[in-house]
Amino acid sequence: MKTIRVGDLPLRLFHWALLGLIVAALITQKIGGNAMIWHFRCGYAALALVAFRILWGLVGTRYARAVGPDQCLPCRCQRQPDLRAARPASGGHRLLLFLQKKRICCGRC
């Protein structure tokens, strides 16, 4: 079986760290009181992570680079997308893209 890379280590660490910070921010918000200091710290850390991700999307590895919308979504008049790299965890993301019903096309359709 051929291995298909869909992300690198810094990108995966970014996603897990962002998830952890969001969960921590939600928990500290529910606690309130003195925990709000940690709530704000989680927000600032999440902002720093997003800044890192933008930077990493510009100068990172090939698998983490930001691409234009014409490279993200396949044109309907061309070949079908290669879904071999799809994982069950990305199903929610694909569902959201489907529900948005925003298709980018080359104009030949």
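Here the stretch 7-66 is treated as an ellipsoid with the same Cα gyration tensor; its semi-axes, largest first and in whole Å, are 28, 10, 6. In this label model, residue 45 and residue 23 are separated by 1.3 nm, measuring between points 7 Å along each Cα→Cβ vector.
Computed extension gain for residue 58 through residue 1, at 0.36 nm per residue and net of the alpha carbon distance, reaches 17.4 nm.
Backbone geometry of the stretch 37-46 corresponds, through the Karplus equation with coefficients 6.51, -1.76 and 1.60 at θ = phi - 60°, to 3J(HN,Hα) couplings of 4, 5, 4, 5, 5, 5, x, 5, 5, 5 Hz, x marking Gly and Pro. Each Lys or Arg adds one and each Asp or Glu takes one away; over the other residues whose Cβ falls under 15 Å from the Cβ of residue 47, this sums to +2.
Read-outs throughout are calculated quantities, based only on the coordinates presented, and are distinct from any laboratory measurement. Because the structure is predicted, anything quoted here is derived from the model rather than measured. Positions of Cβ are backbone-derived with ideal geometry, glycine not excepted, and every protein chain shown enters the neighbour counts.
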